[in-house]
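Step one of this worksheet: look at the structure below.
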Protein chains: 2
Amino acid sequence: MNFCGQCGKPVNFKIPAGDNRKRHVCDHCDTIHYQNPRVISGCIPTVDDRVLLCRRAIEPRYGMWTLPAGFLENGETVLQGALRECREEALATLNEPKLSGIYDIPHINQVYILYRGALQNEDFGTGEESLEARLFSETDIPWAALAFPVITTALKHHFADLKQGLSTVHTDIITSRLYSLHKTTD
Amino acid sequence: MNFCGQCGKPVNFKIPAGDNRKRHVCDHCDTIHYQNPRVISGCIPTVDDRVLLCRRAIEPRYGMWTLPAGFLENGETVLQGALRECREEALATLNEPKLSGIYDIPHINQVYILYRGALQNEDFGTGEESLEARLFSETDIPWAALAFPVITTALKHHFADLKQGLSTVHTDIITSRLYSLHKTTD
């Protein structure tokens, strides 16, 4: 950030009075421009022991497989965001979605919040941001072609729970350096 | 937002190509300025059947009681943010913190994520942003003097769980219009 979004004057990067972190501060109109992590809301759509994945039609990670997920929008609840992404990317709706996990990715300032739920009428399709959508059982998951480490972790948690008949709410931290590749999504 | 933080030129509020929502767009340097909900991380510090509350020494809601909580910072995990707030506001540390709930407040673009845990050594004090910190059992909670509706909801959930010996991860949506009073925290 170089300029103040309020008044257009140059900002300074400094610790404001009463704070202990550097912020982008406008000394002209006194606006402090806080920058905070963003929430990615998404879901794990299921049919019995299978999970619905979408192949990305957009960068980053074009052509790789992912769960329906995207940045939470202002005015939405996390669940509304997760269901919107499921609709947009896989033309699908979930029955009785339940919180599945919170995954911190602190080095790119992201917090993933995922819900899981059965696909309504086992119905899905290919949304605009997807090349294809397909159901995978654990042994069929294209592990080497998953788009992001957080997706790998969430799927491993999901299948481990499935085997044990659990419905855990997971919390985990994703630290993989691979994520620096995805910084463009920020 | 009136000006582009990157180049300082005026922004337009319009739907970018390939999008379906209005954003602040700079037609000079082509930056799209996304605005997304922010995470407030906080905690429910406990000693047996009592909960630690802090009386706010800052606006909004100066003088009212709240749980230690505040905006998640870049580079932090949600739990790190929750523990930092507990340290800052109540000079306290939690033993074995566990996820307690996610509370959406969509009309002010906030997502609260709370952890609960026992106070380490039952030790606490009054941080710089607090006037006092005190332990309350359910019957002593100053319900009418709680700072925000989300705090009321989280405490009700906590005490209901306590009675039933449960450790639920709650999800709820806070819709109270009282929140418009707090818009200044945005």
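Considering only residues that are assigned to a loop (DSSP other than H, G, I, E, B) and in contact with an Asp or Glu (Cβ under 8 Å, 6 or more places away or on another chain), look in the range A:56-75 and name the one that is farthest from the other protein chains (Cβ to nearest Cβ). Out of the qualifying residues, it is A:68. Selection of the range B:76-128 for residues being facing another protein chain (nearest Cβ under 8 Å) and part of a strand (DSSP E or B) yields B:99, B:102, B:104, B:111, B:113. Has the range B:95-109 got any residue that is surrounded by 21 or more Cβ atoms within 10 Å (Cβ to Cβ), at pLDDT 95 or above and more than 30 Å from residue A:32 (Cα to Cα)? Yes. Consider the range B:15-25 and keep the residues that are more than 8 Å from chain A (Cβ to nearest Cβ) and loosely packed, with under 13 Cβ neighbours inside 10 Å. The one that is modelled with the lowest pLDDT is B:18. Number of residues in the range A:1-36 that are of a type outside the set (Gly, Ala, Ser) and either outside any loop (DSSP other than H, G, I, E, B) or in contact with a Ser or Thr (Cβ under 9 Å, 6 or more places away or on another chain) (or both) equals 14. Can you pull out every residue in the range A:113-132 that is open to solvent by 20 Å² or more (accessible area, probe 1.4 Å) and touching a strand residue (DSSP E or B) at 6+ places or on another chain (Cβ under 6 Å)? If the condition is that a residue be open to solvent by 20 Å² or more (accessible area, probe 1.4 Å) and touching a strand residue (DSSP E or B) at 6+ places or on another chain (Cβ under 6 Å), then A:116, A:118, A:120, A:122, A:124, A:126, A:131, A:132 are the ones that fit.
The values are calculated or read from the model by the stated rules, or taken from the named source; none is laboratory data. Not measured: the values here are computed from a predicted model. Reconstructed Cβ throughout: ideal geometry from the backbone, glycine too, with neighbour counts over all protein chains shown. Side chains included, ligands, DNA and RNA excluded: accessible areas come from the protein's heavy atoms. Shrake-Rupley method; radii C 1.70, N 1.55, O 1.52, S 1.80 Å.
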